[in-house]
Amino acid sequence: MQGQYLVIGSYLVICIIVVIVVLHFMRKSFTNKYRSKVHELEIAKNMVASTPVSLELSKVEPIIKNDKMEEKYNDWQDRFVEIRENKLSKIDDMLIDLDVYIDKKDYKNCIYRLAKTELEIYKVRESADSLLEEIKEITLSEEKYRAIVIKLKTKYRELNKDFQDHRQMYDEMQEAVELQLENIERRFLDFEKVMESNQYSEVVHIVKALDTMIEHMGIVIKEVPDLLLMAKQVIPNRMKEVSELNDDMVKQGYPLDYLNVPYNLEESQKNIDHILDKIRVLNLEDCMFELKTMLDYYDSLFVDFEKERLSRKVYVEMERDFSKKLEKTNKVVCEVYNQLDDIKNMYDLNDQDVETIHEVNKVLVVINDDYKKMVAKVEAKSSPYSLLQQEVEELTIRLKKMEDDLDQALKSLGNMYDDEIRAREQLEEIESFLKQSKEKMRGYKLPIITNNYFVQLSEANEAIEEVIKELKRKPIVIRTLNTRVDTARDLVLKLYNTTNEMIKTAQLAEMAIVFGNRYRLVYDEVDTGLEDAEKLFFKGEYKKALDVSIKAVSLVDENIYRKLLAVYDK
C-alpha cells in the first residue's frame, strides 16, 4: 500500500511541475507577442518622425515673395512643431507605458493601450502626410504646372497653325476665332507673371482656364468650317431641291399635303439663322446635332417623294388588275345565283353550301363599296398614294380571300358533277376488272374453285348494282355515290387479287410437282411428298400443295422455290 501511495504522489508532483512549466512558457509567449507589437509600433512612429517635412519647408523659404505665401509657411511650421514636439512625444510616453504593462504582466490593459497607441500613430501619420502634400503642392508647382503649360502650348500652336492654314474656310468667323486665340495667348502671359511672383494659388485657376479655352478652341477649329458649310450651302441647297421637287410633284397631281413641306422649309430657315447666330459667338453646343437632324429630315423627304412615285406606279397597276378581277368575280357570282335553282334540282345540296354562296355575295358587296370609296379619294386627291397603295393591297387580299371562298363553293358544286363523271368512268374500270377476273379463272382450268372466290364474286356484283342504282337517282346524293363506288372498287380489286393469287399458287404447285417427277424413282421421300401434294392439289388446297411439293423437292434441290419464281416471272 505504501508503494502505491508513493507512485500516486510521484505522478501528482510530475503533473504539477508540468503545469507550472506550461504556464511559464505561455506567459513568456504572451510577453514576446506584445513586445513584438510594441516594436512594430515604435518602427511606425519612427517612420512618421522621418517624414521629410523639414526638407520641403527649407525649399519653401527661398520662394516666399508675398504675404500670403509667408502666412502659409508660418502655418506649416506651427503644424510641424505640433507634430514633432507634442504628438510624437505623447506617443513615446504611450510606448513607455506599454513596456511597463508588459513587465507587470497586465495583458488586459496592455491590449487596450496597444489599440489606442496604434490609433494615435495613424492620426499623426495622416497629419504628417497631409502637411507634406500641401508643402509639395507649392515646391513642385513650378515644375508640375510648367510641364502642363508646355503641353497646352504645343496643342495651342497646332490649333493656331490649323486655323492659319485654312483661314478661308472660316469665312465671317475669322475675326472671332483670332480674338479667342489672342485671349489664350494673354492667358499664357498671365501664367508667366504669376509664376515669377510665386502666386501659386492663382496658377491653378490660370492653368484650368487655359485647358478649358484650348479644349473649346479645338472644337471650334474642327467644327466651325463644317457647320458653316452645312448652314450656308449644303442644307439651303437641299431645301431648294426639296421645294422645287415638291412643287413639281404637286403639279403632277401627287397629294403631298401630309408632308407639310412649305411650313417645314420656313421653320428650317429660322432654325438655320438661329444656329448661325450661335456660331458667331462660338457657342457650338448642339449646333452640329441640329444641322445633321435637318439634313436627315430633308434626305428622308427625298425618300418620301420617291416612295410616292413608286406607290403611284404600283397603285395604278394594282388598281387596274383589281378592277378586272372584281368585274370578273361579279359576273361569276351573278351567274352562280342565276343557276342556283337548277343546281339544287340536279344535286342534293346541303344548307351550308347554299349559305356559303350567300356569304360570298355579301362580302363582294362590301368590297365593291370600299373600292368606290377608294376611287373617290383618288379623284379628290385627299389621300397620298402610299396609303392608297395599302388600301388597294388590302382590297386585293380581301378579294383573293373571297375568291378562295367562292372557288371552294364552286369547287364543291363542280366536284359533284366531277364525282358523277368520275363515278361513271370508275364503274367502267370496275366492270373491266371483274371481266378480267372471270376470264382468267375460265382460262386456267382449275380442278376445284374455292368457295371464297364465289362469295367475293357475288359481293362484287351486288356492289356494282348499287352504283348503277345511285347513278339513276335524281337528285344524286354525291356522298352516297362516292361511298358506293369506293365499296365496289375495293370488292372487285379484292376479287381480282384473289383470282391472281389462286391461279399463281396453283401454277407454282403444278410446276413444282412436274419438276420433282424426275426424282421420284430415285428418292422415295420425294415420291411420297409429291403424291401428297397431288392429292391436295386436286382437293383445291393449292397453298398446301405448293408447300408440300417444295418441301419434298428441297430434299434434292434447295433452290427449287427460287427457280420456280424465276420461271413464273418470265
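One line per residue, one yes/no per condition, for (1) among the acidic types (Asp, Glu); (2) modelled with pLDDT of 80 or more:
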| site | (1), (2) |
| --- | --- |
| GLU431 | yes, yes |
| GLY443 | no, no |
| LEU446 | no, no |
| LEU457 | no, no |
| ARG473 | no, no |
| THR487 | no, yes |
If you go through LYS87, LYS45, the only one that is surrounded by 12 or more Cβ atoms within 10 Å (Cβ to Cβ), modelled with pLDDT under 75, part of a helix (DSSP H, G or I) and outside the structural domain of VAL194 (by TED's automatic domain parsing) is LYS45
- Would you say LYS65 is part of a helix (DSSP H, G or I), more than 21 Å from ARG35 (Cβ to Cβ) and either at pLDDT below 75 or touching a helix residue (DSSP H, G or I) at 6+ places or on another chain (Cβ under 8 Å) (or both)? no
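Out of curiosity, is TYR298 among the aromatic types (Phe, Trp, Tyr), more than 24 Å from LYS377 (Cβ to Cβ), assigned to a helix (DSSP H, G or I) and under 41 Å from the mean Cα position of the chain (by Cα)? Lay out the reasoning, then the answer.
Working: among the aromatic types (Phe, Trp, Tyr): yes; more than 24 Å from LYS377 (Cβ to Cβ): yes; assigned to a helix (DSSP H, G or I): yes; under 41 Å from the mean Cα position of the chain (by Cα): yes.
So TYR298 fits the description; yes.
The values are calculated or read from the model by the stated rules, or taken from the named source; none is laboratory data. As the structure is a prediction and not an experimental result, all values here were calculated from the model. All Cβ positions, glycine included, derive from the backbone under ideal geometry; neighbour counts span all protein chains shown.
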